Amino acid sequence: MRDLSITQEYLICAVNEKGKISGFSTERLVCLVAAGLLDMELAGAVRLTEKRVEIAGPLPENREYLKSLYLFVKKHNPVKTEKILEEYTYSMSDKRLQMLLDDVGESLAAQGLARLQEGGFFGRKAYVPQREAIRSVVDMVRAELLEDGPVSQEVLILAVLLDKGKISKDYFSKFERQEMAQRFRAIRKTREGQMVDQMVEYIENMIATMTVLMTMFS
C-alpha cells in the first residue's frame, strides 16, 4: 500500500483488535515514534542525528497527521531524541502519544482503512484497522522481501520497524522471518542500502535509549 506512509502502515500492523498499543509494549511505542520521525525526515521536514532531531523544512500537507510530533520538535528545536522518548513513551501523561495515535488513526479512517471505536478506557477513541488493510500491508512486505525484484526503501524501513517492534512474528512464519532477514542483510551491504542502514541504526539507538530510561526510572 505504497500510497500510505511508513507510519500509517506501521500503525495498521502494530495495534491490537481494539485499536490500541499496550503500554507494556515498549518497543512498539518507540517504533511508532521512530516511524513518525523517519517519515518526516524522508519528507524533508526534519533532520535526524544520533542524539538530536531538528527542523529542516515545512511539514508537507500529506503528512498533516504528524503535525503534533512536528510541532513538538519545532518548539524545542533542536530537541534531544531522549526528550522525545520521555514525552511520548515514558511520561506520566500519555497525552502526546494519544494525540499521535488519534491523528494517524483518523487519517486511516478517512480512507476507509480503519473504523472509529469509541467508549473505551476513559472514553478515549481508538481506530481499528480493517482486515483488508492489514492483509495488504503484510502482503506488500512479503512480496518485496520474499520475491525477486527491487525492494523500496520504505518497505525496508517498515520491515525493520515491524521486527524491532516485535510485531513480525504476528504476521510472518519463522521461515519467512529468516528469509527476510537474509535478504535484508544482503541489501544493507549494497551502496543503495547505506541510507537504510543509517535509519536502522537510528531505530536501534532509540530502543537502546528507551531501555536506559526504563532502568533509570525503575
Determine whether residue 200 is β-branched (Val, Ile, Thr) and in contact with a Cys (Cβ under 9 Å, 6 or more places away or on another chain). no
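Yes or no, residue by residue, for (1) at pLDDT below 95; (2) open to solvent by less than 30 Å² (accessible area, probe 1.4 Å):
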site	(1), (2)
153	yes, no
162	no, yes
168	no, yes
171	no, no
176	no, no
181	yes, no
185	yes, no
190	yes, no
What do you reckon, is residue 59 open to solvent by less than 60 Å² (accessible area, probe 1.4 Å), in a helix (DSSP H, G or I) and either at pLDDT below 95 or on the phi < 0 side of the Ramachandran plot (or both)? no
Just give me the residues in the stretch 107-126 being more than 16 Å from the chain's Cα centre (by Cα), at pLDDT 90 or above and not small (Gly, Ala, Ser), in sequence order. 111, 113, 115, 116
Quick check: is even one residue across the stretch 31-52 surrounded by 21 or more Cβ atoms within 10 Å (Cβ to Cβ), within 17 Å of the chain's Cα centre (by Cα) and more than 26 Å from residue 211 (Cβ to Cβ)? yes
Quick check on this structure: which one of 3, 103 is without any contact (Cβ under 8 Å) to a residue 40 or more places away in the chain and over 23 Å from residue 195 (Cβ atoms)? 103
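The values are calculated or read from the model by the stated rules, or taken from the named source; none is laboratory data. Computed from a predicted structure; not experimentally measured. Quick reminder, even Gly has a Cβ in these numbers, built from the backbone with ideal geometry, and neighbours come from all protein chains shown. Protein only, heavy atoms only, side chains kept; ligands, DNA and RNA dropped before computing areas. Shrake-Rupley method; radii C 1.70, N 1.55, O 1.52, S 1.80 Å.
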